[in-house]
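We did not get these values from a lab; they are worked out from the coordinates using the rules stated. Nothing here was measured: the structure is a model prediction, and the numbers come from that model. Neighbour counts run over all protein chains shown; Cβ positions are idealised from the backbone, glycine included.
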Amino acid sequence: MTKQTLPLTDELHAYVVAHGSVPDPIVTDLIEETRAALPEDAGMQIAPEQAGFMTLLARIVGARYAVEVGTFTGLSSIAIARGMVPDGRLVCCDISAEFTSTAQRYWARAGLDRQIELRLGPAADTLRALPAEEHIDFAFVDADKTGYPVYWAELVPRMRPGGVILVDNVLRAGRVLNPHDEDTKAIVHFNKEVLADDRVDSVMLPLADGLTLARKKWR
């Protein structure tokens, strides 16, 4: 038996999705609409198995207050909100009114629109405006790669002990091994920062395009 994560063929990927949290009609429609309407940008949407993982993790954490940096058309926010407690609140940071208009339609369809608050504008400004105390249970970062260190710096102090941060695209389709573009170089630097951060315990998961899972340490 191999000790390495298996490479996923299309057939094996379908098997993984079918034996996890299978997308319901709302998620399926959102994925299909995003691919049809935004073919050049659809790759920014998280993978369906990622969505199932995030819902379960938010539920395990018992998330009441969550923050998302980078919402796109809303799949990740739906995944997070579905895992939160019934009176939980999710703050979504994004700069695109166009992309998030789709998200808002699907939040309403999923019955989550009262639970999710969209804040349009630079995410760094939105995060800095949040209360300084440790109050965030769950955070997800999937935005401009050069901004990751800033988002991390603003989020970690605001995470409650035991709170969880997920960061997407930390493998950059494998390009982290031989970085040439600025986004990948930024991710390589960021990954080193996370590894050296003694405020958290972290692990890098080979899920989709790489997902860092970090947990704020208890003092």
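Start at zero, step by 5 Å, and the Cα-Cα distances of segment 111-219 spread as 2, 12, 21, 23, 19, 14, 6, 2, 0 percent across the bins. Residue separation of ARG128 and GLU182 scaled by 0.36 nm, minus their Cα-Cα distance, works out to 16.9 nm of gained length. Between the amide H of GLY163 and those of LYS216, distances stay under 5 Å, these residues lying 5 or more places away or on another chain, with hydrogens modeled in the peptide plane. By the gyration tensor of its Cα atoms, with a ≥ b ≥ c the square roots of the eigenvalues, what is the shape of segment 71-114: rounded for a/c under 1.5, prolate for a/b over b/c, or oblate? It comes out prolate by the Cα gyration axes. The equivalent ellipsoid of segment 1-42 has semi-axes of 26, 14, 7 Å, largest first, where each one is the square root of 5 times an eigenvalue of the Cα gyration tensor.
Per residue of the chain, the DSSP helices (runs of n ≥ 4 H) give a summed -39500 (n - 2.57) that works out to -12000 deg cm²/dmol at 222 nm. On alpha carbon coordinates alone, what is the Rg over Rh value for segment 167-219, Rh being the Kirkwood radius? In segment 167-219, Rg relative to Rh is 1.01. Relative to one another, the C-alpha centroids of segment 127-186 and segment 30-108 are positioned 16 Å apart. Amide H to amide H, with H built 1.01 Å from N, CYS92 comes under 5 Å of GLU68, GLU117, LEU118, ARG119, counting only residues 5 or more places away or on other chains. Looking at segment 81-219, the DSSP beta bridges with both ends there are about 50 percent antiparallel. Across the alpha-carbon set of segment 1-115, the Rg to Rh ratio works out to 0.99, Rh being the Kirkwood radius.
Here's how it looks for ASP113: its modeled amide H is under 5 Å from those of ALA108, which are all 5 or more places away or on a different chain. Computed on the Cα atoms alone, the convex hull of the chain gives a volume of 136 cubic angstrom per residue. Each of the peptides 56-67, 32-43 was scored by the mean count of other Cβ atoms within 10 Å over its residues; in descending order, highest first, they stand as 56-67, 32-43.
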